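Asker: To start, I am sharing the structure in question, which I have written as structure tokens.
The values are calculated or read from the model by the stated rules, or taken from the named source; none is laboratory data. What you see is a predicted model; the values in this text were computed from it and never measured. For neighbour counting, all protein chains shown are included, and Cβ atoms are generated from backbone atoms with ideal geometry for every residue, glycine included. To get the accessible areas, we keep the full protein, side chains included, count just its heavy atoms, and leave off ligands, DNA and RNA. Shrake-Rupley method; radii C 1.70, N 1.55, O 1.52, S 1.80 Å.
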Amino acid sequence: KEKLEKLNFQREQMGPVNLRAKLEEEEISKSINELELEKNDLFQAIEKLRVAINKINHEGKNRLVEAFEKVNKNFSDLFTKLFEGGEAKLELIRSDDPLQTGLEIFARPPGKKLSTISLLSGGEKTLTAIALIFSIFLTNPSPICILDEVDAALDDLNVEKFCKILAELKNATKTKFLIITHHKFTMASIDRVYGVT
């Protein structure tokens, strides 16, 4: 009798019996299973995303290196033509990763030492910049190219070189060049002149 009373007391201490406990357990189990599925889907999506990012980075590096090599070759060739000698090159600096690197321009006009573009004279900088712009342009030429007073800082001799390169590019790429200029030699070397006042 004492044992029975003790057990009854312990049962009463536990509180009333929850008749919905089984149903609640099923609902919570179902909810946990749904969350597990969502978690697994999320982990799979993260993994797919990581694979895609790595693939894009790999493809981006390959394309960048390929484009860089083309631009560097074009730059070297155009620089030599514009300066009638000398040499120029582009170098990736500050990182082994092409996607994180900087770019340095090295140029050596005839009779000078190889140096960065900042040490060149104004006309030399302009011709070097023209060579670089056209070397980028040659990797993927567009049907139309607008040049706004790119010959303004050049003397007559260098304007003549610029016009010669422009004619070569026009014939090689079939691009229509629209040039804004005040230079008479440039105006004389092009197909059509439109005066704007």
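Asker: Counting only residues that are among the aromatic types (Phe, Trp, Tyr) and out of contact with any Lys or Arg (no Cβ under 7 Å at 6 or more places or on another chain), how many does segment 164-196 have? Write out each step before concluding.
Answerer: So the first thing to find is which residues in segment 164-196 are among the aromatic types (Phe, Trp, Tyr), and the list is 177, 185, 194.
Then keep just the ones that are out of contact with any Lys or Arg (no Cβ under 7 Å at 6 or more places or on another chain); that gives 185, 194.
Looking only at that region, the number is 2.
Asker: If you don't mind, another one. From Ile117, Ile105, Ile146, Ile130, which residue is of a type in the set (A, V, I, L, M, F, W, C), without any contact (Cβ under 8 Å) to a residue 24 or more places away in the chain, farther than 30 Å from Ile53 by Cα and out of contact with any Asp or Glu (no Cβ under 6 Å at 6 or more places or on another chain)?
Answerer: Numbers: Ile105 fails: without any contact (Cβ under 8 Å) to a residue 24 or more places away in the chain; Ile146 fails: without any contact (Cβ under 8 Å) to a residue 24 or more places away in the chain; Ile130 fails: without any contact (Cβ under 8 Å) to a residue 24 or more places away in the chain.
Of the residues listed, the single one that is of a type in the set (A, V, I, L, M, F, W, C), without any contact (Cβ under 8 Å) to a residue 24 or more places away in the chain, farther than 30 Å from Ile53 by Cα and out of contact with any Asp or Glu (no Cβ under 6 Å at 6 or more places or on another chain) is Ile117.
Asker: With a cut-off of at least 2 residues that are open to solvent by 80 Å² or more (accessible area, probe 1.4 Å) and more than 30 Å from His58 (Cα to Cα), name the helices (runs of 4 or more DSSP H) lying wholly within segment 98-197. Step through it out loud before you land on a result.
Answerer: Values: elements: 122-139, 156-173, 184-188.
Once the helices (runs of 4 or more DSSP H) in segment 98-197 are filtered for at least 2 residues that are open to solvent by 80 Å² or more (accessible area, probe 1.4 Å) and more than 30 Å from His58 (Cα to Cα), what remains is 156-173, 184-188.
Asker: Another question, then. Is it true that some residue in segment 79-87 is among the aromatic types (Phe, Trp, Tyr), in a helix (DSSP H, G or I) and in contact with a strand residue (DSSP E or B) (Cβ under 6 Å, 6 or more places away or on another chain)?
Answerer: Pass one, segment 79-87, residues among the aromatic types (Phe, Trp, Tyr): 79, 83.
With in a helix (DSSP H, G or I) added as a condition, the list becomes 79, 83.
Now restrict to residues that are in contact with a strand residue (DSSP E or B) (Cβ under 6 Å, 6 or more places away or on another chain): 79.
There is at least one residue in segment 79-87 that is among the aromatic types (Phe, Trp, Tyr), in a helix (DSSP H, G or I) and in contact with a strand residue (DSSP E or B) (Cβ under 6 Å, 6 or more places away or on another chain).
Asker: Applying the selection to segment 13-61, what residues are farther than 30 Å from Thr139 by Cβ, among the basic types (Lys, Arg) and open to solvent by 100 Å² or more (accessible area, probe 1.4 Å)?
Answerer: Filtering segment 13-61 for residues farther than 30 Å from Thr139 by Cβ gives 13-50.
Checking which are among the basic types (Lys, Arg) leaves us with 20, 22, 30, 39, 48, 50.
Selection gives Arg20, Lys22, Lys30, Lys48, Arg50.
Asker: Answer yes or no as to whether Leu64 is within 22 Å of Leu103 (Cα to Cα), touching a residue at least 60 places away in the same chain (Cβ under 8 Å) and surrounded by 10 or more Cβ atoms within 10 Å (Cβ to Cβ).
Answerer: Numbers: within 22 Å of Leu103 (Cα to Cα): yes; touching a residue at least 60 places away in the same chain (Cβ under 8 Å): no; surrounded by 10 or more Cβ atoms within 10 Å (Cβ to Cβ): yes.
No, not satisfied.
Asker: Looking at (1) within 18 Å of Leu178 (Cα to Cα); (2) of a type outside the set (Phe, Trp, Tyr); (3) free of Cβ contacts under 8 Å to residues at least 60 places away in the same chain, find the lone condition where Ile165 falls short.
Answerer: With (1) within 18 Å of Leu178 (Cα to Cα); (2) of a type outside the set (Phe, Trp, Tyr); (3) free of Cβ contacts under 8 Å to residues at least 60 places away in the same chain applied to Ile165, the lone miss is (3).
Asker: Considering only segment 74-97, state which residues are surrounded by 15 or more Cβ atoms within 10 Å (Cβ to Cβ) and more than 21 Å from Glu124 (Cβ to Cβ).
Answerer: Hit for segment 74-97 is Leu92, nothing else.
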